[in-house]
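Enquirer: Please find one structure pasted underneath; my questions will follow.
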Amino acid sequence: MNETLDRNRPLPMYYQLKEIIREKVTRGEWKPGKLIPSERELSKQYGISRMTVRQALTELTQEGVLRRKQGVGSFVAELKIEQQLTGLTGFTEDMRKRGLQAKARVLRLEAIQPPADVVTALQISPQQPVVLLERLRMVGQEPMALEASHLHFPQVTELLEEDFESRSLYELLAEKYNIVPTKAKQSIEAALPNRREQRLLGLPGGSPVLRNRRTTFDQNGRPFEYTKSAYRGDSYVFYAELTVHPNA
Ligand code: 16G
């Protein structure tokens, strides 16, 4: 692969630069998460204007090869996480299967008076205790999702004492309370993030989120969790295998 731009080739300079960068990424010379040289450095290195460099970087960002962080620069994009919709798993387990370590920043852990949608989803009365656990889910330093889980079961307020920065909710519930996530109903919707979501997830302007709503049931068919979450639209692909209904 030619590492320099060739003014005699009939291809525009920005396009040639794009191909050089793409090649570095596919060859693995520039690995996911790497901060690539700045516009200024690239323009100096290849002897082209910053405008031309910018055009190449913008297109590579739109194509999902690079990811821009305001005020920092461009990074090689992480691979998208392909999330199967056929099995019921938690975030920690999902990441572990991929050889990644899940982390969380706990933003809220408190007992709340459940709003109407939570009451309906958890099949409770408004007087029953609900614990709200809001976490920014991360892999390394990379925020992946913002999740607000509304939880209800007899000893739920004991959760207020737990440290969820490094602990899996699903594992804790199974081990300590014999609540085994067994079935879930989930909807997924594309949306633009609000400002808080955009800031916490470090999303570039215009980038969408996938809003998930999940009601999770235990082995006895009781709903114990209703989670509203925003997943980074640029990091996730949800995947389901579909078969024709036998009676269709
Ligand atoms: C998943 C679930 C979430 C659950 C969490 C438990 C979705 C949309 N959400 O992220 O409802 O609370 O896993 O993860 O899939 P944990 O066991 O790592 O705490």
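The values are calculated or read from the model by the stated rules, or taken from the named source; none is laboratory data. Because the structure is predicted, anything quoted here is derived from the model rather than measured. Positions of Cβ are generated from backbone atoms using ideal geometry, with glycine treated the same way; all protein chains shown enter the neighbour counts.
Enquirer: Kindly indicate whether any position in the stretch 142-155 is closer than 19 Å to Gln84 by Cβ and modelled with pLDDT under 95.
Expert: yes
Enquirer: Here is a list of conditions, (1) among the charged types (D, E, K, R); (2) under 18 Å from the mean Cα position of the chain (by Cα); (3) within 14 Å of the ligand (Cβ to nearest atom), and Glu175 meets all of them except one; can you say which number that is?
Expert: It fails just one condition, (2).
Enquirer: On to the next question. What pairs come out if I take residues in the stretch 235-248 that are closer than 20 Å to Ser207 by Cβ and pair them with residues that are part of a loop (DSSP other than H, G, I, E, B) and charged (D, E, K, R) whose C-beta lies under 9 Å away, six or more apart or interchain?
Expert: Ser235/Glu78; Ser235/Lys80; Tyr236/Lys80; Val237/Lys80
Enquirer: Further question: Inside the stretch 1-21, can you point out the residues that are in a helix (DSSP H, G or I) and either of a type in the set (Phe, Trp, Tyr) or in contact with a helix residue (DSSP H, G or I) (Cβ under 7 Å, 6 or more places away or on another chain) (or both)?
Expert: Met13, Tyr14, Tyr15, Leu17, Lys18, Ile21
Enquirer: Need the failing condition index for Arg232 against (1) among the charged types (D, E, K, R); (2) at pLDDT 95 or above; (3) touching a helix residue (DSSP H, G or I) at 6+ places or on another chain (Cβ under 6 Å), just the number.
Expert: (2)
Enquirer: Now for a separate question. Among the candidates Leu172, Leu210, single out the residue that is free of Cβ contacts under 8 Å to residues at least 60 places away in the same chain and farther than 30 Å from Gly73 by Cα.
Expert: Going through Leu172, Leu210 in turn, the sole match is Leu172.
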